[in-house]
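First the structure, in the form of structure tokens, and then the observations on it.
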Amino acid sequence: DAGVTQSPTHLIKTRGQQVTLRCSPKSGHDTVSWYQQALGQGPQFIFQYYEEEERQRGNFPDRFSGHQFPNYSSELNVNALLLGDSALYLCASSLIGQGREKLFFGSGTQLSVL
Amino acid sequence: ILNVEQSPQSLHVQEGDSTNFTCSFPSSNFYALHWYRWETAKSPEALFVMTLNGDEKKKGRISATLNTKEGYSYLYIKGSQPEDSATYLCAFPLTGTASKLTFGTGTRLQVTL
């Protein structure tokens with residue numbers, strides 16, 4: 001049983017470009033959330049997708065958008081990249097719940113913006 | 001406390017030492033408290049999800065306690081081994097879904113021989 005898989009593992013972009021990151025959740029999970037981890041910080045919540053809709057959003061600008069497909073996989077898109085977008089992007093999957101469900105994380109996509 | 005705070009930031013112990021870390025979180029509107037272990041070059045892995053005041057969880061040599069009234073949790077590692085070297089993160093759902101977790105900055109543990 002495959003866990004959470006993310007692609008690509010590393011990515012280098014230049015300022016102003018656009019990027020798409022992909023995530024396949026753990027089998028049986030219906031909820032995908034995305035986190036950004038900048039150096040020296042804990043992961044910061046970007047948004048959550050459930051039933052192909054964005055259900056919750058963290059404090060990130062509209063340049064960050066996403067999508068969830070019928071097979072529960074998800075994409076994170078970032079437009080007009082800034083140097084400050086350089087970070088590790090983590091995808092996590094779970095079953096929708098009441099705050100007590102464990103998150104299962106992928107190994108992340110390291111994005112470098114030059 | 002409005003955010004999740006962890007201490008110490010880093011810790012360096014020798015094999016066989018026992019150690020503990022602290023996580024402080026908002027004591028109002030408590031849903032759950034999560035602990036994750038994150039080894040270098042791997043994915044964060046859930047250790048515990050704690051929900052009740054006074055809760056104690058154990059997984060091998062690692063255990064955790066929870067005090068929701070005062071807003072803190074302790075993670076204990078007994079007889080540390082080099083494979084325990086990792087960053088230990090605690091996280092708190094500010095709303096009633098674990099997907100939207102607020103993480104602390106973590107305690108980085110290094111265990112040497």
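The values are calculated or read from the model by the stated rules, or taken from the named source; none is laboratory data. None of these values were measured; they are calculated from a predicted model. Every residue, glycine as well, gets a Cβ built from its backbone with ideal geometry; the counts of neighbours run over all protein chains shown. The protein model used for the area step is the full one, side chains on, heavy atoms only, and it has no ligands, DNA or RNA in it. Shrake-Rupley method; radii C 1.70, N 1.55, O 1.52, S 1.80 Å.
Loop-located GluC sites (Glu not before Pro) in the range B:1-73 (DSSP state not H, G, I, E or B) with no more than 16 neighbouring Cβ atoms inside 10 Å: B:Glu15, B:Glu39, B:Glu70. Taking the chain by itself as reference, the range A:95-114 contains these residues with an accessible-area loss of 30 Å² or more in the full protein complex (1.4 Å probe, heavy atoms): A:Gln98, A:Gly99, A:Arg100, A:Glu101, A:Lys102, A:Leu103, A:Phe105, A:Ser107.
This model, with +1 at the C-beta of Lys and Arg and -1 at the C-beta of Asp and Glu, gives the protein assembly as shown a dipole about its Cα centre of some 160 debye.
Count Lys and Arg as plus one, Asp and Glu as minus one, and take only other residues whose Cβ is under 15 Å from that of A:Gln68; the net charge is then -2. Taking a straight line from the alpha carbon of B:Lys100, these aspartates and glutamates sit under 14 Å away, with near neighbours fewer than eight places off in the same chain left out: A:Glu54, A:Glu101. What the phi angles of the range A:102-109 give under the Karplus curve with 6.51, -1.76 and 1.60, with θ = phi - 60°, is a coupling list of 6, 8, 10, 9, x, 8, x, 10 Hz, glycine and proline written as x.
For the residues of A:41-51, the average number of beta carbons from a partner chain within 10 Å of their own beta carbon is 5. Per-residue shielding of A:52-61, expressed as the average number of other chain Cβ atoms within 10 Å of the residue Cβ, stands at 1.
The accessible surface of chain B, taken with every protein chain in place and a 1.4 Å probe, is 45 percent carbon and sulfur.
Using the Karplus relation 6.51 cos²θ - 1.76 cosθ + 1.60 with θ = phi - 60°, the per-residue 3J(HN,Hα) values for the range B:83-91 come to 5, 7, 4, 4, 9, 9, 10, 10, 8 Hz, with x marking Gly and Pro.
Solvent-accessible area of A:His10, all protein chains in place: 130 Å² (probe radius 1.4 Å, heavy atoms, ligands and nucleic acids excluded). Counting only protein heavy atoms and a probe of 1.4 Å, the accessible surface of chain A is 48% carbon and sulfur. A 1.4 Å probe run over the protein chains yields, for the range A:55-113, 44 Å² of accessible area per residue, whole-number rounding.
For chain B, the per residue solvent-accessible surface stands at 48 Å², with DNA, RNA and ligands left out and a 1.4 Å probe.
The trypsin sites (Lys or Arg not before Pro) of the range B:13-68 meeting both criteria, a DSSP state outside H, G, I, E and B (loop) and at most 16 other C-beta atoms within 10 angstrom of the site's C-beta, are B:Lys42, B:Arg61. With a cut-off of 14 Å between beta carbons, the residues surrounding B:Asp84 carry a summed charge of +1, where Lys and Arg count +1 and Asp and Glu -1. Summed over both chains, the accessible area lost when B and A associate is about 1900 Å², using a 1.4 Å probe.
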